[in-house]
Amino acid sequence: MSAKPKKKITAIKGTKDILPSEARKWQKVESVAREIFELYGYREIRTPVFEATELFEKGTGETSDVVTKEMYTFLDKGGRSLTLRPEYTPSVVRAILDHSLHLKSQPMRYYFFGPMFRHDKPQKGRYRQFHQIDIEVFGEKDPAIDAEIVEMADFLLKRLNVTDTEILVNSVGCKACRPPYLRELKQAAEAVREDLCPDCQRKIDLNPLRIFDCKEEACREMSQGFPKVTDFLCPDCEEHFKLFCVYLGSYGIAYRLEPRMVRGLDYYTKTTFEIISSKLGAQDAILGGGRYDDMMKEFGGPDICGIGFAMGLERFLSIVPFKEEKESFLYIAFLGDAAKNAGMELARQLRKGGIECLIEYRDRNLKNQMSRANKLGADWVLIIGEDEVKANRYQLKNMETGVQQEVGADDILTFIQKPS
Ligand code: HAM
């Protein structure tokens, strides 16, 4: 009987492995972001990867593309509808309410890193599993916080030497000023109904604001002629937006008003913003966010306003310049069993002293071990043979200069840490 050829199992379309060669860059960006968020008083919060489907239907919004087209929703074994989170914001609101965090302290500042899932058409910069860095603030009404979070995002970009970015800002109004705007918008869209794609025609009746999210070129062009939400702001929203822009100005932050940037999620009120990069191509938004003052109340909680942003890590990492900062790395080459034992013990001591140290157990001769150390980019090689074990003195080779010298076990650390 002939064996069936084995089928190769590959990664799912739209997902990406983060390989060891890229992991350092991820760690660097995550650690700088973490450090900056903590400097601004944010604390980490982690929530589950899947949630009840209705959390996103209610939070992200039933007319958003994310909910109507992109959610990974499934029934679990108990028949309950669950969804892999497409974004983080509704999850943190749920977590606050579940744990009554609002009763412990206010305002609240949280940050979060993790994978998100959206079943969109994969392309460069758009994945089905991607990662976000997210920050959220609850209980701050003042537009100063709107400006502060944009300034914090700008600080993060600058710390990581990211250039060629632009900050776009808008206000989408609130429950008071949006209905008259939506009536006008609907009228304008109705007038060109036949020229819009079937999806946008459906949106005219459902939520005309969502027409601005359409990726079809014809609809995008058409929507440029539609009324601007900023022409309809109520006095409160207008004042908020004006002050937001004043505070951005006082931080010296350049921005562009983008009156048709309504953002693709249903919950936004007042301020919205995005940071885009000219280095990214079609999917140019590194980060997007805004205010969502009604979400907590709509979830049955207290009337506590919210604001935040999320950064797409895959997109961001593709424009972060990066040079690996190398710590001193020592490779132990040994010959014979006694040397192996001595090497294992020395490796343990050196690691305790904070030195990255590698000993490998394959049966290689000294020449092969030296070339392996070279390939791995070792800064030092400690050579141990039978004689060295007996004398308790070892050969330490500096791989950059090629200089080799004899050292005692206790001197290795001092030697390696000595500035060259
Ligand atoms: P969003 O604009 O949907 O906002 O996503 C934020 C960022 O995530 C985008 O600017 C982009 O960099 C990245 N992103 C989104 N979808 C994908 C994808 N399919 N592949 C790769 N990257 C992607 C939110 O998610 C809101 N929760 C932001 C927020 C927080 N608003 C208030 N608080």
_One residue from Lys175, Lys203, Lys158 being assigned to a helix (DSSP H, G or I), open to solvent by 50 Å² or more (accessible area, probe 1.4 Å) and closer than 27 Å to Phe309 by Cα_ = Lys158
*Which residues, counting only those in segment 96-142, are away from the ligand (no atom under 14 Å from the Cβ) and among the acidic types (Asp, Glu)?*
Asp98, Asp142
*asked:* Can you pull out every residue in segment 227-262 that is among the aliphatic types (A, V, I, L, M), within 16 Å of the ligand (Cβ to nearest atom) and in contact with a helix residue (DSSP H, G or I) (Cβ under 6 Å, 6 or more places away or on another chain)?
replied: Val262
*Looking only at segment 299-340, which residues are in contact with a strand residue (DSSP E or B) (Cβ under 8 Å, 6 or more places away or on another chain), over 19 Å from Tyr110 (Cβ atoms) and part of a loop (DSSP other than H, G, I, E, B)?*
Ile319, Glu327, Ser328, Leu335
*Output the qualifying pairs, or none if there are none: Cβ atoms under 6 angstrom, residues six or more apart or on different chains, first residue in segment 318-336 and within 30 Å of Leu156 (Cβ to Cβ), second residue assigned to a strand (DSSP E or B).*
Ile319/Ser277; Glu327/Glu356; Phe329/Glu356
*Of the residues that sit in segment 274-293 and are open to solvent by less than 30 Å² (accessible area, probe 1.4 Å) and over 18 Å from the mean Cα position of the chain (by Cα), which one is nearest to the ligand (Cβ to nearest atom)?*
Tyr292
*Tell me the strands (runs of 3 or more DSSP E) entirely within segment 374-419 that contain at least 2 residues that are touching a residue at least 40 places away in the same chain (Cβ under 8 Å) and open to solvent by 40 Å² or more (accessible area, probe 1.4 Å).*
none
_Every residue from segment 284-338 that is of a type in the set (Phe, Trp, Tyr) and over 30 Å from Leu413 (Cα atoms)_ = Tyr292, Phe299, Phe309, Phe316
*Has segment 184-195 got at least one residue that is closer than 28 Å to Phe56 by Cβ, open to solvent by less than 20 Å² (accessible area, probe 1.4 Å), part of a helix (DSSP H, G or I) and among the aliphatic types (A, V, I, L, M)?*
yes
*How about segment 206-236: which of its residues are open to solvent by less than 70 Å² (accessible area, probe 1.4 Å) and not in a helix (DSSP H, G or I)?*
Asn207, Cys214, Gly225, Phe226, Pro227, Leu233, Cys234
*Which of (1) on the phi < 0 side of the Ramachandran plot; (2) open to solvent by 10 Å² or more (accessible area, probe 1.4 Å); (3) outside the structural domain of Arg256 (by TED's automatic domain parsing) is the odd one out, the single condition Gly343 does not satisfy?*
(2)
*Which of (1) assigned to a loop (DSSP other than H, G, I, E, B); (2) of a type in the set (A, V, I, L, M); (3) in contact with a helix residue (DSSP H, G or I) (Cβ under 6 Å, 6 or more places away or on another chain) does Leu265 not meet, given it meets every other one?*
(3)
*Report those helices (runs of 4 or more DSSP H) wholly inside segment 36-153 carrying at least 3 residues which are free of Cβ contacts under 8 Å to residues at least 12 places away in the same chain and over 28 Å from Asn170 (Cβ atoms).*
101-104
*Please work out if Ile145 is β-branched (Val, Ile, Thr) and within 8 Å of the ligand (Cβ to nearest atom).*
no
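The values are calculated or read from the model by the stated rules, or taken from the named source; none is laboratory data. Since this is a predicted model, take the numbers as computed values, not measurements. Every residue, glycine as well, gets a Cβ built from its backbone with ideal geometry; the counts of neighbours run over all protein chains shown. Note: accessible area is taken over every heavy atom of the protein model, side chains too, but ligands, DNA and RNA are not part of it. Shrake-Rupley method; radii C 1.70, N 1.55, O 1.52, S 1.80 Å.
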